[in-house]
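Before any comments, here is the structure.
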Amino acid sequence: EEDQQFRTIFQEIAGDDMEITANELKNVLNRVITKHKELNTKGFSLESCRSMIALMDVSFMDGTGRLNLQEFRHLWNKIKQWQGIFKHYNADQSGSINSYEMRNAVNDAGFRLNNQLYDIITMRYANEGMNIDFDSFISCLVRLEAMFRAFQAFDQDGDGTIRLSVLEWLQLTMYA
Ligand SMILES: O=C(O)/C(S)=C/c1c[nH]c2cc(Br)ccc12
Ligand SMILES: [Ca+2]
């Protein structure tokens, strides 16, 4: 039942081609965002939406440049889960969280990183005040989760290491 409802939403956004483009994703995410004033964000840029689609492509191994139902459902459920974590740390409704809260939020999202990675995330996603706004927060977690999934997809024997030629490496890093 809930799945049918979701399929209907997807169909409405995707249109007859049954695939969601970056522009369609931007429209639907920003429409939802306007209903959540406490997120205090201007919404996702087209560039962030392109990146989210590429990351779903990479982690679902189907480079279509658009979201099919499976990819959209995964992304939608992840954003829904992660926005809840963001709201928990955005108690003052400032619309951003600091690097210490980010470390806890990343942990709450189920990721176990090392100090160097937390610093890298702050450097890459925080603003000059060392705070991370909602869209940066979501963009960071979408990338983190997609890169974990892509590694697991490459690590067939599960030994924790992967072998990539330079061109395979470039395909991954240039697209995602
Ligand atoms: O506050 C809630 O109960 C829900 S269901 C929030 C959201 C559920 N999906 C979302 C996507 C974006 Br973008 C922003 C907020 C939400
Ligand atoms: Ca795709």
### Message
Give me the Å³ per residue figure for the convex hull around the C-alpha atoms of the stretch 51-111.
### Response
96 Å³
### Query
Quick one: if you stick a label point 7 Å off each Cα along the C-beta vector at W169 and R50, how many nm between them?
2.5 nm
### Message
Probe radius 1.4 Å, ligands and nucleic acids ignored: give me the carbon and sulfur share of the accessible area of the stretch 48-123 as a rounded percent.
### Response
48 percent
## Note on the structure
Along the dipole axis of the chain (charges at Cβ: +1 for Lys and Arg, -1 for Asp and Glu; origin at the Cα centre), the most positive-end residue among G95, F111, L29 is G95
#### Entry: Integer Hz, Karplus 6.51/-1.76/1.60 couplings in order for the stretch 92-107, x for Gly and Pro
6, 6, 5, x, 8, 10, 8, 5, 5, 5, 4, 4, 5, 5, 5, 5
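On full extension of the chain, what length is gained from E128 through R73, given 0.36 nm per residue of separation minus the C-alpha to C-alpha distance?
Values: separation 55, 0.36 × 55 = 19.80 nm, distance 3.36 nm.
Computed gain between E128 and R73 is 16.4 nm.
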### Message
Give me a comma-separated list of calculated 3J(HN,Hα) values for the stretch 40-54, in order, Karplus coefficients 6.51, -1.76, 1.60 applied at θ = phi - 60°, integers in Hz, x for any Gly or Pro.
### Response
6, 10, 7, x, 7, 7, 4, 4, 5, 5, 4, 5, 4, 5, 4
### Query
Debye sum, Cα scatterers, the chain, no solvent: what log₁₀ I/I(0) at q = 0.11 1/Å?
-0.50
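How much length would be gained if the chain were fully extended between I162 and M147, taking 0.36 nm per residue of separation minus their Cα-Cα distance, in nm to one decimal? Can you show the working numbers first?
Values: separation 15, 0.36 × 15 = 5.40 nm, distance 1.27 nm.
Result: 4.1 nm gained on full extension.
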### Query
Which one of F6, S51, L39 is farthest out on the positive end of the charge dipole of the stretch 1-59, using unit charges on Cβ (Lys, Arg +1; Asp, Glu -1) and the Cα centre as origin?
L39
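The values are calculated or read from the model by the stated rules, or taken from the named source; none is laboratory data. Not measured: the values here are computed from a predicted model. A quick note on method: Cβ atoms are made from the backbone with ideal geometry, for glycine too, and the neighbour counts reach across all protein chains shown. Note: areas computed on protein heavy atoms with side chains; ligands, DNA, RNA excluded. Shrake-Rupley method; radii C 1.70, N 1.55, O 1.52, S 1.80 Å.
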